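Undergrad: Quick one: the structure is below, questions incoming.
The values are calculated or read from the model by the stated rules, or taken from the named source; none is laboratory data. What you see is a predicted model; the values in this text were computed from it and never measured. Here the Cβ positions follow ideal geometry from the backbone for every residue, glycine too, while neighbour counts run over all protein chains shown.
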Amino acid sequence: MKMTKNENKKYHIIIDVIIISFGLLISSFGTALFYQAGMGSGAMATFSDGLHKLLNMSYGTANMTANIVFLILLFICDRKMINIGTVLCVFLIGSFVDIGTFLFALLPIASAPAWFRFMCMLLSCVMMGGGLGLYVAVDRGFGALEGLVKYVCKKGNLRFDKVKIIQDFLLISIGIVLRAEWGIGTVISAILIGPIMRVSIEYFQSMLHKNQNIFPARG
């Protein structure tokens, strides 16, 4: 039986929420694994660490403050990029990272040889880039950082990976200037995550478009 327009809309919202949540879960578990590898922190974490030292506030407060500021900036630039995906980012990522941290802490990753931790760090970059690429591919709202990258890409007709790399290195540079802690993984993640996201966004967009029986065209 053919769905009504209203039923079709509700169906798509449910499917999109599931896909976005799964993408954020993969990305968040990648973040947790990255921290367990002990080779530095991600771009936003490095920036937040520098901010917390500059303003003499807790790391959590600094991270929340930075996210709020970037979200306000995204709202000013293009409020259409704020949607259900934005809300899911705000409420799910922290919990998913906590769950991932708990699970990975059960494994002897932190005490493993450097080569093994390096491989875990590379795997975490793939997880972060792939997970973020999946949720961005759904195109139903973005987190602050991804939204700003999409905005710059749209305005300047630029490639996603190049803008993402610039954004990450800018955040890292500011964090380092503010005396944030960083490591080899910080630099490698800034180089890898943007290109991984671009490839995964293109792949998942194509997959969602082709599987019309599960994801019929939005109308």
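Per-residue answers, yes or no, for (1) in a helix (DSSP H, G or I); (2) in contact (Cβ under 8 Å) with a residue 60 or more places away in the chain; (3) of a type outside the set (A, V, I, L, M):
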site: L24; (1), (2), (3): yes, yes, no
site: A32; (1), (2), (3): yes, yes, no
site: Q36; (1), (2), (3): yes, yes, yes
site: G50; (1), (2), (3): yes, yes, yes
site: L54; (1), (2), (3): yes, yes, no
site: A62; (1), (2), (3): yes, no, no
site: F70; (1), (2), (3): yes, yes, yes
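This table checks each residue for (1) more than 23 Å from M64 (Cβ to Cβ); (2) touching a Gly at 6+ places or on another chain (Cβ under 6 Å).
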site: G100; (1), (2): no, no
site: P108; (1), (2): yes, no
site: M121; (1), (2): yes, yes
site: V136; (1), (2): no, no
site: V152; (1), (2): yes, no
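Undergrad: Follow-up. Select from the stretch 89-100 the residues that are modelled with pLDDT of 90 or more and either in contact with a Lys or Arg (Cβ under 9 Å, 6 or more places away or on another chain) or surrounded by fewer than 19 Cβ atoms within 10 Å (Cβ to Cβ) (or both) and list them in ascending order.
TA: I99
Undergrad: Which residue pairs have Cβ atoms closer than 7 Å, lie 6 or more positions apart in sequence or on different chains, and pair a first residue in the stretch 104-118 that is aromatic (F, W, Y) with a second residue that is surrounded by 12 or more Cβ atoms within 10 Å (Cβ to Cβ)?
TA: Close Cβ pairs satisfying both conditions: F104/A32; F104/L33; F104/Q36; F118/M39.
Undergrad: Would you be able to say whether some residue in the stretch 142-160 is in contact (Cβ under 8 Å) with a residue 24 or more places away in the chain and more than 26 Å from I76 (Cβ to Cβ)?
TA: no
Undergrad: Would you mind stating whether S48 is surrounded by 23 or more Cβ atoms within 10 Å (Cβ to Cβ), of a type in the set (S, T, N, Q) and over 18 Å from C125 (Cα atoms)?
TA: Yes.
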